[in-house]
Amino acid sequence: MRGPLGSVIGRYPSSDGSSQVGGIIRQNRKCRDVPFLVIFIALWVAMIVNSSFGFNQGNPSRLTYGLDYKGNVCGDKHANPDLHELELMYWLNPNQVYLSGLKNSQFKLANARTICLLDCPIPSEDTLNWVCDYPAGDIRISFNDWIDSNYDYFEFLTPEMRNTSLQLQGPCYPVIFPSVNVFWRCQYIAHPSNVSLRHWQQMGGVHINEDIIIDKSIHKSINARSSVLKRYMADIGKAWPVLIVCGGLLPLFLSVIWLLMIRHFVAAMPWITVALFDILIILVTMFSYLKAGWIRNDAISPIIGEHDPYYHVSGRELSHLRTVAVLMTVIMVVAILTSIAIVRRILMATSVLKVAAKVIGEVQALIIFPVIPYVVLAIFYMVWFSAAFHLFSSGRIVQNDCDSSCCAYDLESKKPEITFLPVFSSMRRLMRYSLGSVALGSLTVSFVESVRFMLESIRRKLKVTGTTPDGCIGKIAHHTSQFCLRCVEWTIKSVNRNAYIMIAITGKSFCRASAIATELIMNNILRIGKVNVIGDVILCLGKLCVSLLSAVFAFLMLDTHKYRSAHNKITSPLFPVLVCWALGYIVATLFFAVVEMSIDTIILSFCQDSDEHQGTAQYAPPLLIETLNDQNEIQRLTQ
């Protein structure tokens with residue numbers, strides 16, 4: 001049996017007019033769960049070591065630009081030769097591109113000879129254009145002159161070099177097919193120029209394949225899943241100003257405004273939150289339709305810069321965006337119908353929100369306190385995103401294993417008046433006594449997540465090898481196990497939060513505090529359930545409002561000229577908007593956690609107070625007693 005702990009920290013008048021000074025907050029304090037703190041520090045050391053490998057080996061430019069046959073990244077000013085203006089990768093030999101597209105061919109497009117150019121070549125209307133290799137050896141022409149002459153020095157070749165060029169063995173290659181800039185790759189269009197082809201044949205050039213395969217081979221490479229993922233990661237890097245504004249600063253401002261409105265307009269906030277949520281989810285859905293091309297003619301295009309509208313090139317990004325638009329439509333309908341259904345239940349959350357607003361009003365530091373974890377997380381995410389980009393692009397550039405007709409490189413991945421003091425005193429006690437308990441709680445959640453991830457990986461591998469049962473029983477077992485693991489994960493997260501509250505109140509270890517919190521909740525489940533669920537719904541809608549506003553502003557910023565042309569053009573607004581939405585939700589969660597923890601602490605304190613005084617709380621405010629002691633409501637819920 002645990003002894004009475006007291007449900008109120010500090011000084012608060014009881015129902016009989018007396019007051020209690022001090023409390024248990026100063027008692028029974030010592031360091032807890034230290035071994036788990038050591039494990040937590042070790043994980044941080046491992047993460048720092050892993051990140052340093054990425055910073056040393058990675059190059060985020062590889063996510064956007066391709067490699068030439070020498071292993072240089074296009075656009076790299078440190079390459080040999082200097083390629084800082086030559087950002088487009090061009091396949092020199094059209095027959096190699098054709099060969100790589102044949103069904104049973106052993107020749108891969110990664111083996112085809114490529115160079116970096118300033119713009120994509122197009123055939124001449126009256127003669128034959130050439131694209132020649134980087135000038136070197138016997139070619140007496142400077143690199144800048146080679147660029148100024150549109151990469152053509154065929155007239156300076158010796159008879160022997162001209163003969164090898166007519167055999168498609170270089171150093172010069174004919175421009176027979178038009179090409180357009182698709183994600184910084186020159187995409188062949190399988191419509192050869194008749195004039196250029198006739199000149200080539202008259203000069204005695206070898207046969208050039210004109211099949212549609214030459215178009216599909218490059219298109220397949222550009223739209224491969226790995227290529228699309230690289231472009232999505234590159235989009236996040238290019239849109240970093242949008243992430244800072246819409247994923248960091250804007251949610252900070254909106255969250256503070258929401259907390260201030262909770263404090264001063266608590267009765268109206270549930271209604272405002274629900275209405276604003278419905279409006280914002282409609283706006284995000286409309287933006288998705290706009291960029292998917294289903295509203296107006298503003299669909300995203302894989303082609304960079306100006307191009308002939310006759311050429312139509314599709315991209316996987318557009319299909320992804322259309323899928324998201326359909327998904328958002330379903331979510332919008334469900335969200336609006338759900339918000340209508342809970343309108344009559346909103347009043348149940350108002351009383352607890354009023355008490356939480358009163359706490360925020362008295363402890364004004366609670367509004368400012370989330371700035372501290374916000375700054376810490378901002379620094380962490382900036383380092384984390386940078387490390388992620390470098391790790392994702394890390395690897396060793398190696399020469400492909402192909403015959404003498406090619407010399408290409410590829411990336412091999414390895415990869416009373418209450419002042420500010422109580423808040424900071426709580427932080428000091430946390431740092432001194434309870435960091436190990438916090439680390440243990442986070443380890444518990446991480447362990448469950450890891451188990452769920454490993455089970456999912458095993459299931460996918462079994463599915464690939466064909467050893468998993470595809471029948472009804474196998475599917476039921478899989479979905480049941482996934483559902484059970486998610487339930488366990490949700491339960492552990494809930495227990496963690498309540499355990500942290502009891503650690504702050506009692507100073508106990510994580511396991512003991514979890515037991516106390518669980519016992520209190522089980523003994524008062526009906527009192528807690530009727531207000532906590534609706535309160536959580538309102539707070540969740542508030543977070544979604546902040547994150548959806550961030551997504552709307554991200555859409556607007558990404559729709560400007562800066563991100564629709566030239567070097568900063570993003571392939572799709574999908575990933576930057578999703579990241580802004582996620583960051584906005586994280587920032588809102590940091591600030592709204594003030595209200596969530598206030599509500600949970602109030603309810604647990606009320607339950608503790610009632611448990612110590614034979615079922616009747618002695619220190620709770622009258623409004624809370626009136627709400628949570630409503631016997632008629634409890635009987636109705638029981639029935």
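The values are calculated or read from the model by the stated rules, or taken from the named source; none is laboratory data. These numbers come from a predicted model, not from an experiment. When we count neighbours, we look across all protein chains shown, and the Cβ atoms used for this are built from the backbone with ideal geometry, even at glycine. All accessible areas refer to the heavy atoms of the entire protein, side chains included, with ligands and DNA or RNA removed. Shrake-Rupley method; radii C 1.70, N 1.55, O 1.52, S 1.80 Å.
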Task: Positive dipole terminus of segment 55-208, leading residue within N104, C116, G170 (C-beta point charges) - done: N104
Task: Accessible area, probe 1.4 Å, largest first, for residues M522, M557 - done: M522, M557
- [ ] Taking all protein chains together and a probe of 1.4 Å, list I257, I458, I538 from the most accessible to the least accessible.
- [x] I458, I257, I538
TODO: Pop a pseudo-label 7 angstrom from the Cα along the beta-carbon direction at both E612 and N56 and give the gap in nm to one decimal.
DONE: 5.6 nm
Task: Other-chain or far-sequence residues with amide H under 5 Å of W184's (modelled H) - done: I304
- [ ] Provide, as a two-decimal number, the C-alpha radius of gyration of segment 31-92 over 2.2 N^0.38 Å, N being how many residues it has.
- [x] 1.91
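By how many nm would the segment from T127 to V343 lengthen if fully extended, with 0.36 nm per residue of separation less the alpha-carbon distance? Could the numbers behind the result be given before it?
Values: separation 216, 0.36 × 216 = 77.76 nm, distance 7.34 nm.
Difference between extended and current length: 70.4 nm.
Pop the C-beta distance of Y433 and D536 into the FRET formula with R0 = 35 Å and round what comes out to the nearest 0.05.
So, using R0 = 35 Å, E works out to roughly 0.75.
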Open item on the list: Working only with C-alpha atoms, what are the Rg and Dmax values of segment 234-316, expressed in angstrom?
Closed with: 19.0, 59
TODO: Note the full-extension length gain between A299 and I48 as 0.36 nm times their separation in residues minus their Cα-Cα distance, in nm to one decimal.
DONE: 86.3 nm
Task: Area of Y134 that stays accessible when all protein chains are in place (1.4 Å probe, Å², to 10) - done: 10 Å²
- [ ] Tell me the label-point distance for the pair N104, D82, using the 7 Å Cα-to-Cβ offset, in nm and rounded to one decimal.
- [x] 5.1 nm
Task: M454 - accessible surface, heavy atoms, 1.4 Å probe, Å² rounded to 10 - done: 110 Å²
Task: FRET efficiency, 1/(1 + (r/R0)^6) with R0 25 Å, evaluated for T518 and E456 via beta carbons - done: 0.30
Open item on the list: More than 17 angstrom separation, counting every C-alpha pair in segment 176-230; what % is that?
Closed with: 46 percent
Open item on the list: Residues of segment 107-125 with backbone nitrogen within less than 15 Å of a virtual label 7 Å along the Cα-to-Cβ line of K220, please, listed as ranges.
Closed with: 107-112
- [ ] Using R₀ = 25 Å, calculate the FRET efficiency as 1/(1 + (r/R₀)^6) where r is the Cβ-Cβ separation of N144 and V398; round to 0.05.
- [x] 0.25
- [ ] Filter the cross-link list K354/K543; K30/K354; K70/K220; K77/K569; K103/K569 down to pairs whose alpha-carbon distance in this structure exceeds 28 Å.
- [x] K30/K354; K103/K569
Task: Prolate/oblate/rounded call for segment 108-249, Cα gyration tensor, a/c under 1.5 rounded - done: prolate
Task: Ranking by accessible area, most exposed first, for Y153, Y433 with a 1.4 Å probe - done: Y433, Y153
Task: 5 angstrom amide H check on S393, placed H, neighbours 5+ away - done: N59
Open item on the list: Between E449 and R198, what is the label-point separation in nm under the 7 Å Cα-to-beta-carbon projection?
Closed with: 6.6 nm
- [ ] Give the peptides 87-99, 217-229 in descending order of average Cβ contacts within 10 Å, highest first.
- [x] 87-99, 217-229
- [ ] Report Rg (one decimal) and Dmax (nearest whole number) for segment 103-187, counting Cα atoms only, units Å.
- [x] 13.8, 42
Open item on the list: Could you give me D for segment 169-287, from Stokes-Einstein at 20 °C and 1.002 mPa s, where the hydrodynamic radius is the Kirkwood radius over C-alpha pairs? Units µm² s⁻¹, please.
Closed with: 107 µm²/s
TODO: Please calculate the 1.4 Å probe accessible area of D138, with all protein chains present, and give it to the nearest 10 Å².
DONE: 110 Å²
